[in-house]
Amino acid sequence: MKIELVNLKRQYNLHRKKISSAVLRVLGSGRYILGSEVEKFEREFADFCRAKHCIGVASGTDALHLSLKALGIKNGDEIITVPNSFVATAMSISMVGAKPVFVDIDPETCNMDVKKITDKITAKTKAIIPVHLYGQPADMDSILKIARRHNLKIIEDACQAHGALYKGRRVGTLGDIGAFSFYPSKNLGGYGDGGAVVTNNDELAKKIFLYRVYGGKDRHTYLAQGLNSRLDAVQAAVLRIKLKHLDRWNKQRAAKVKMYDTLLKKMPIKTISTQPYTQSVHHLYVIRTAHRDSLREYLAHKGISTEIHYPVPIHLQPLYKNLGYRIGNLPVAETAANEIISLPIFPEMENKEIKYITDIIREFFQKP
Ligand SMILES: *Cc1c(COP(=O)(O)O)cnc(C)c1O
């Protein structure tokens, strides 16, 4: 059996008619960037997140970058974040000239270790970017408490957590501003790049609407240094259709996770613990074992593709050599990076595929 980490064609094939006709409708409309299709999506996604504003942008990276810019983060500022995320989390910080400051993670959830944040705060610290990793909300109450005490802003990196709940509230609206990616393989993904910012803050929303179109108030009046970061109408049309299915797809992911957890129970692996006050949307299904590399090879040999999210913690990337981190500085994240492996998960996965994968994993651990 051949199993991909994420098979996007299955979802398209199930919804082919609706998606194809929406795309054709846009192609026939003569309006391909922003416009009413994007406005409708922005309203619908804001409502979904229970946020006041949603601004569609070109990618998740831009959603983070523009959020930091709207908050006035600049050269010399320090922003606290985690080392075990996609590199874009930290890169958005350096894009505005600020310095990423990495805090270690909790060994059980692999989200930001809130006990270690205060030690990282200096006079230059302006904000915290928690990442809702693998779809599970970070410990937001603790993070918000620290932020309030030290007068820091919070940008949620919700790029893996569309629809996740923290104490009954959607992520993205818990801090000052939230960033989403619609990269094709995300829980809500388009057929190209895309992203969005959500916020309840009118001023921040106004700034992001301005920055995403060259800082132009209208076609000939430029008020600020902006960039070109617009969501296109084809993506918006696709996302509008997919958004209607998102909660159901997230439930299907949860059912796959339950099956994986049950079938892997007696095996010598660790899973990522979920917190009772969160409802993860299971963007990834990650297990941990000291034999990660040989397990990965064994699975590949049996036709099962896997991935490591992420093998090199961001503080050890060549890009950030100048920040002066060394191996051993963030030991929990570094150990995790050597043990984690992401198994296939997507809503359209079949139970027999999970059965096959877990059978192969059992076989691997039973080998002499
Ligand atoms: C995908 C992702 C991003 C970046 O989103 P793009 O749309 O690829 O720019 C940022 N942060 C996290 C945690 C992500 O998973």
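The values are calculated or read from the model by the stated rules, or taken from the named source; none is laboratory data. As the structure is a prediction and not an experimental result, all values here were calculated from the model. In this analysis, Cβ positions are derived from the backbone assuming ideal geometry, glycine residues included, and neighbour counts consider all displayed protein chains. Ligands, DNA and RNA are stripped out before the accessible areas are found, and what is left, the full protein with its side chains, is counted by its heavy atoms. Shrake-Rupley method; radii C 1.70, N 1.55, O 1.52, S 1.80 Å.
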Residue within segment 122-130 that is part of a strand (DSSP E or B), open to solvent by 30 Å² or more (accessible area, probe 1.4 Å), more than 15 Å from the ligand (Cβ to nearest atom) and charged (D, E, K, R) present: yes
Criterion (within 16 Å of the ligand (Cβ to nearest atom) and basic (Lys, Arg)) met by exactly one of 240, 219, 248, 253: 253
Single residue of segment 104-121 satisfying the filter (farther than 26 Å from residue 170 by Cβ, of a type outside the set (A, V, I, L, M) and touching a helix residue (DSSP H, G or I) at 6+ places or on another chain (Cβ under 7 Å)) that is farthest from the ligand (Cβ to nearest atom): 118
Matching option when the condition is of a type outside the set (Val, Ile, Thr) and open to solvent by less than 40 Å² (accessible area, probe 1.4 Å), among 255, 236: 236
Inter-residue pairs, beta-carbon under 6 Å, first open to solvent by less than 10 Å² (accessible area, probe 1.4 Å) and in segment 193-210, second of a type in the set (Asp, Glu) and within 16 Å of the ligand (Cβ to nearest atom), 6+ apart: 195/62
Helices (runs of 4 or more DSSP H) contained in segment 1-76 and holding at least 2 residues among the small types (Gly, Ala, Ser): 16-29, 35-49, 60-70
Residues (open to solvent by 20 Å² or more (accessible area, probe 1.4 Å) and hydrophobic (A, V, I, L, M, F, W, C)) located in segment 268-283: 269, 272
Any chance residue 8 is in contact with an Asp or Glu (Cβ under 8 Å, 6 or more places away or on another chain), under 30 Å from residue 355 (Cα atoms) and modelled with pLDDT of 95 or more: no
Segment 64-101 - residue that is more than 13 Å from residue 315 (Cα to Cα) and within 11 Å of the ligand (Cβ to nearest atom) and, of those, most open to solvent (accessible area, probe 1.4 Å): 65
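Here's the yes/no breakdown for (1) hydroxyl-bearing (Ser, Thr, Tyr); (2) out of contact with any Ser or Thr (no Cβ under 9 Å at 6 or more places or on another chain):
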{"position": "75", "(1), (2)": "no, yes"}
{"position": "92", "(1), (2)": "yes, no"}
{"position": "95", "(1), (2)": "no, no"}
{"position": "102", "(1), (2)": "no, no"}
{"position": "128", "(1), (2)": "no, no"}
{"position": "172", "(1), (2)": "no, no"}
Residues that are in a strand (DSSP E or B), of a type in the set (Gly, Ala, Ser) and more than 14 Å from the ligand (Cβ to nearest atom), drawn from segment 147-183: none
Those residues of segment 131-146 which are outside any loop (DSSP other than H, G, I, E, B) and either buried (at least 22 other Cβ atoms within 10 Å of the Cβ) or hydrophobic (A, V, I, L, M, F, W, C) (or both), in sequence order: 131, 133, 134, 135, 140, 143, 144, 146
Selected residue (criterion: surrounded by the fewest Cβ atoms within 10 Å (Cβ to Cβ)) from residues of segment 39-63 that are within 16 Å of the ligand (Cβ to nearest atom) and of a type in the set (A, V, I, L, M, F, W, C): 58
